[in-house]
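The next block holds one structure in the form of structure tokens; read it before the comments.
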Amino acid sequence: MSKDTPMLVIQQEEHMSKASVARLYEMANEWGKELGVKVVVIGKGMSAKLEHGNADIVAALHEQSAAISRLADSNQQVIDYLLSEEVAEAGDVEGSHTRYLDPDEE
């Protein structure tokens, strides 16, 4: 089963004999296979809490960082293209730039 397999937690409400607990575990394993879930049985007086890992969040942040990096590269390519077009129009191979991306600058 993968780490994303759903979990069914069965909590005993009453004390049970060893034979009853063994039968409960046996049934729980059958249910788990039939339902495609992981079954956990906990005794009376115990509690369980399922903690969700942060692996999915970290993976999403890595994907977002990669997308931002690709966007920055794309923006740089657009700027480089615009500057090369300006140089070609001006006939200046040294790169003297007279047109700016900021419309207020001249």
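Worth a mention:
- Using θ = phi - 60° in the Karplus curve 6.51 cos²θ - 1.76 cosθ + 1.60, the 3J(HN,Hα) couplings for the range 59-76 round to 4, 5, 5, 5, 4, 5, 4, 5, 5, 5, 4, 5, 5, 4, 4, 5, 4, 5 Hz; x is entered for Gly and Pro.
- Cβ crowding within 10 Å ranks Tyr25, Tyr81 as Tyr81, Tyr25, fewest other Cβ atoms first.
- Count of Lys pairs (Cα-Cα under 24 Å; at least 8 positions apart or interchain) in the range 1-81: 8
- Across every pair of non-identical alpha carbons in the range 13-66, the mean reciprocal distance, once inverted, gives a Kirkwood radius of 14.3 Å.
- Amide hydrogen proximity for Lys38: with H placed 1.01 Å from N in the peptide plane, the residues at 5 or more positions away or on another chain lying under 5 Å are Met7, Leu8.
- Chain lengthening between Ala72 and Met16 when straightened (0.36 nm per residue, less Cα-Cα): 13.8 nm
- In Hz, Karplus ³J(HN,Hα) per residue of the range 42-47 (6.51, -1.76, 1.60; θ = phi - 60°; x = Gly, Pro): 10, x, 4, x, 9, 10
Just so you know, all these numbers are worked out from the coordinates, no wet-lab data involved. Being a predicted model, the structure only gives us computed values, none of them experimental. Reconstructed Cβ throughout: ideal geometry from the backbone, glycine too, with neighbour counts over all protein chains shown.
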